[in-house]
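**Q** Sharing a structure here in structure tokens format.
The values are calculated or read from the model by the stated rules, or taken from the named source; none is laboratory data. Predicted, not measured: the structure shown is a model, and the values here were computed from it. Cβ placement follows ideal geometry from the backbone for every residue including glycine, while neighbour counts extend to all protein chains displayed. Surface accessibility is based on the protein's heavy atoms, side chains included, excluding ligands, DNA and RNA. Shrake-Rupley method; radii C 1.70, N 1.55, O 1.52, S 1.80 Å.
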Amino acid sequence: MISLTTDVVVIGGGATGTGTLRDLAMRGFDAVLLERADLAQGTTGRFHGLLHSGGRYVVSDPESATECAQENEIMRHIHSDAVEETGGLFVVTPSDAEDYADTFLDAAHAAHVPAREISTAEALRREPRLHPKIKRAFEVRDAVIDGWRMVWGTVASAQEYGARVFTYHRVTAIHTDQGNITGVSAIDEKSGETLHISCRAVINAGGPWAGQIAALAGAHDVDVVPGRGIMVAMNHRLVNSVINRCVYPADGDILVPDHTVCIIGTTDQEASDPDFLDIKPDEVQHMLDAGEAMIPGFRQARAIHVWAGARPLVRDRRVSKSDTRHMSRGMSIIDHHERDGIAGFFSIAGGKLTTYRLMAKNVVDALCEQLGEDRPCRTADEDTPGATPHNHAITDRLAHAEHVRTDVQSRDQIICECELVTRSMIEQALAEQPTANFDDLRRQLRIGMGPCQGTFCAPRLAGIVHAWKTEQLRDRGKKSGEHDHAPQQIDVTNTQLRLFVHNRDGGTAPLLFNQQLREATLNHWVMQGTLGIAHLPQPSQAALRATGDLALLHGTHTAPPALKANSAQWKEIHS
């Protein structure tokens, strides 16, 4: 068992959790973050990429709209490397009534959300694919943000101030003594080792899992409702601005250009468990129909991936528990000293990714007030590492890619043509995170996220990672006199390749119709016919553990875990 001591433990490695860690560290607290998987693997990594102007909520939730408008400007500054200045439009399509649009500008001005009406001709000049019969158009300050890049920048900033981060560490207990927080216990999913951290405060930033985490400290009935939403990625940027339908928030009314693709979303329904979010074929069809209303011919474009995320919505007693669409997007901070008699324990949920910094500020303010310490927030005043004078652009990787293509002396290679990922980018990511699995690398580099969905780059990635890790193992063996671990590494590489392909396939299964089915069949033939990955040897228990994958280690609601040590517990839960 490893033992540590710190001031504050943050549980949850999404935008809010990492933002809270940064805020704590910048105020001089010694802070540690625990995340049961990779950073931003939950809700933060499962959204459409929209940096809200606030326009979407000016009528339905004006307070959230104002917060979004204010934080939007701060985010463009402190996370400039993660933000693409696309701009946004709210348009009234031929299918939409104009009564909502009649109130839009007044509501925007009342909420201090910058917006102005432009002519339909100007809107069509900017976005020629828009429906030619749109009735009205409004310009807003929407943008696009890379949630993963944002989180990594936030963590890098926190680490510069001394914070520590433990990914793939699942919290198993929150300890108290006479109504005071005393510590947290966790297990390393990749090694099985136990970690105990003594602390005087805990901040629960577990998003839709916040209720489960609070219960570990004896704080029950924290009513966070997971609002399930699906998103569909199309194979190229059909638009270069964020397009919103100018209607009361509904399903499928946002189209976001995100890196090399565009994403339409989203639905909003209550989910029973944020770990198991089903995607229904009729929801996919509804998304495609909604896209057609904004962009004629949308259905002729190729859909390449679909996924679901869970919004951490705090139960709103004014609406039905199943009516997640009309629950407030505002943040909620629970002081468990007042609620449950546990001093030093706070839970935070709700809010938007756009307002993550404000959420972090408010919960750390509450902690400082309880501790009686005056430590002002500085997170809006200092850029995160990597921020530049200019915002991110989709062409950022082109210069390096062109250099690789034309420089005969360069040994760098383009490994993923869709996202222009090079060998050196992969090796650098491995040097920074040596235990990364293939999906960890995907989140950092976007490898496998383009039109081929990893069909051609996944085997190349496997070869590079295997060679890099084998060399590291051999160097370590030479120094320590240990035996060669290369045969075990073959098992780990095969297991991670198979997992990577499985996860990519999972996002295409609901799209298997028409041309998508033909493309998926080709991908299957490449992987199974050429590489035969279905016939690879069964993974060892050690290789399964090395993935850190929650489904493999702990099972799903329909499949038992591949890790035998967890099988009995799964059977007990699902019996």
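**Q** Could you give me the ³J(HN,Hα) list for segment 3-16, computed from phi with Karplus coefficients 6.51, -1.76, 1.60 and θ = phi - 60°, whole Hz, x at Gly and Pro?
**A** 10, 9, 10, 8, 7, 9, 10, 9, 10, x, x, x, 4, 5
**Q** Might you list the cysteines of the chain that have no disulfide-compatible partner by the rule of another cysteine's Cβ under 4.7 Å?
**A** Unpaired cysteines in the chain: Cys68, Cys199, Cys246, Cys262, Cys368, Cys377, Cys418, Cys452.
**Q** Per residue of segment 437-450, in order, report the coupling 6.51 cos²θ - 1.76 cosθ + 1.60 (Karplus, θ = phi - 60°) as ³J(HN,Hα) in whole Hz, putting x for Gly and Pro.
**A** After applying 6.51 cos²θ - 1.76 cosθ + 1.60, I find 8, 5, 6, 4, 5, 4, 5, 7, 10, 6, 5, x, 9, x Hz.
**Q** So, with a 1.4 angstrom probe, what is the percent of accessible area on the chain that is carbon and sulfur?
**A** Roughly 51 percent, rounded to a whole number.
**Q** Label Glu193 and Ala293 with points 7 Å out from Cα along Cα→Cβ: what is the distance between them in nm?
**A** In this crude label model, Glu193 to Ala293 measures out at 5.4 nm.
**Q** Taking the Cβ of Met527 as the center, what net charge do the other residues with Cβ under 10 Å away carry, scoring Lys and Arg +1 and Asp and Glu -1?
**A** +1
**Q** If one computes the Cα centroid of segment 511-527 and of segment 423-450, what distance in Å separates the two points?
**A** Centre-to-centre (Cα) distance: 25 Å.
**Q** What is the distance in Å between the Cα centres of segment 378-396 and segment 181-227?
**A** Segment 378-396 and segment 181-227 have Cα centres separated by 31 Å.
**Q** Taking the Cα atoms of segment 103-219, what is the range of coordinates along each of the three principal axes, in descending order and whole Å?
**A** The Cα atoms of segment 103-219 stretch 65, 31, 28 Å along their principal axes.
**Q** A further question on this structure: Summing Lys, Arg as +1 and Asp, Glu as -1, what charge do residues with Cβ under 12 Å from the Cβ of Ile197 carry, Ile197 excluded?
**A** Taking every Cβ under 12 Å from that of Ile197, the sum is 0.
**Q** What size of dipole, in debye to the nearest 20, comes out for segment 1-93 about its Cα centre when the only charges are +1 on Lys and Arg C-beta atoms and -1 on Asp and Glu C-beta atoms?
**A** The calculation lands at about 180 debye.
**Q** Quick one: Karplus J couplings for segment 52-63, per residue in order, coefficients 6.51, -1.76, 1.60, θ = phi - 60°, nearest Hz, x for Gly and Pro?
**A** Coupling constants for segment 52-63: 5, 7, x, x, 5, 10, 5, 9, 7, 8, x, 5 Hz.
**Q** Using 1/(1 + (r/R0)^6) with R0 = 51 angstrom and r between the beta carbons of Tyr248 and Lys478, what's the FRET efficiency to the nearest 0.05?
**A** My answer for the efficiency is 0.20.
**Q** To make sure I understand the rule: partners must be lysines, Cα under 17 Å from the Cα of Lys479, and not fewer than 8 residues away in the same chain. Which ones qualify?
**A** Lys469
**Q** Next up: Going 7 Å from the Cα of Glu373 along its beta-carbon direction, which residues of segment 160-177 have the amide nitrogen within less than 16 Å of the resulting point?
**A** Answer for segment 160-177: 161-164.
**Q** Lysines near Lys352 by alpha-carbon distance under 19 Å, same-chain residues fewer than 8 away left out - which ones?
**A** Partners found: Lys361.
**Q** Taking only protein heavy atoms and a 1.4 Å probe, what accessible area per residue, in Å², does segment 101-196 have with all protein chains in place?
**A** Per-residue value: 45 Å².
**Q** Just in segment 3-48: which trypsin sites (Lys or Arg not before Pro) are loop by DSSP and have at most 16 other Cβ atoms within 10 Å?
**A** none
**Q** At 1.4 Å probe radius, can you tell me the per residue accessible area of segment 343-428 in Å²?
**A** In whole numbers, segment 343-428 has 50 Å² accessible per residue.
**Q** Going by amide H atoms built from the backbone, whose H comes under 5 Å of the H on Asn180, apart from near neighbours?
**A** The list, which skips near neighbours in sequence, is Ala343.
**Q** State the Cα centre-to-centre distance between segment 533-575 and segment 67-144 in whole Å.
**A** Spelled out, the Cα-based centre of one part sits 46 Å from the other.
**Q** While we're on this one: Two decimals, Cα atoms only, Kirkwood Rh: what is Rg/Rh over the chain?
**A** 0.96
**Q** In nm, to one decimal, how far is the modelled label at Leu517 from the one at Ile573, with both set 7 Å along Cα→Cβ?
**A** With each label point 7 Å from Cα toward Cβ, the separation is 3.6 nm.
**Q** Let me ask something else about it. Go through Ala565, Thr521, Gly463 and say which Cα lies farthest out towards the positive end of the charge dipole of segment 463-565; charges sit on Cβ, +1 for Lys and Arg, -1 for Asp and Glu.
**A** Farthest along the dipole direction, towards plus: Ala565.
**Q** Restricting the count to DSSP beta bridges whose residues both fall in the chain, what percent are antiparallel, rounded to a multiple of 5?
**A** 70
**Q** Suppose every K and R has +1 on its Cβ and every D and E has -1 on its Cβ; what is the size of the dipole of segment 394-552 about the Cα centre, in Debye to the nearest 20?
**A** So the dipole magnitude of segment 394-552 works out to roughly 160 debye.
**Q** Follow-up. Gain in length, Gln285 to Ala393, computed as 0.36 nm per residue apart minus the alpha-carbon separation, to one decimal in nm?
**A** Stretched fully, the Gln285-Ala393 segment lengthens by 35.8 nm.
**Q** So what's the back-of-envelope 222 nm ellipticity for the chain, counting only DSSP H runs of four-plus at -39500 (n - 2.57) apiece and dividing by all residues, rounded to 500?
**A** About -11000 deg cm²/dmol.
**Q** About the Cα centre of the chain, how large is the charge dipole given +1 on each Lys and Arg Cβ and -1 on each Asp and Glu Cβ? Please answer in debye to the nearest 20.
**A** Roughly 1320 debye, rounded to the nearest 20.
**Q** Separate question: What is the distance, in nm, between label points placed 7 Å from the Cα along the Cα-to-Cβ direction at Thr182 and at Ala401?
**A** Going from the Thr182 label point to the Ala401 one covers 5.7 nm.
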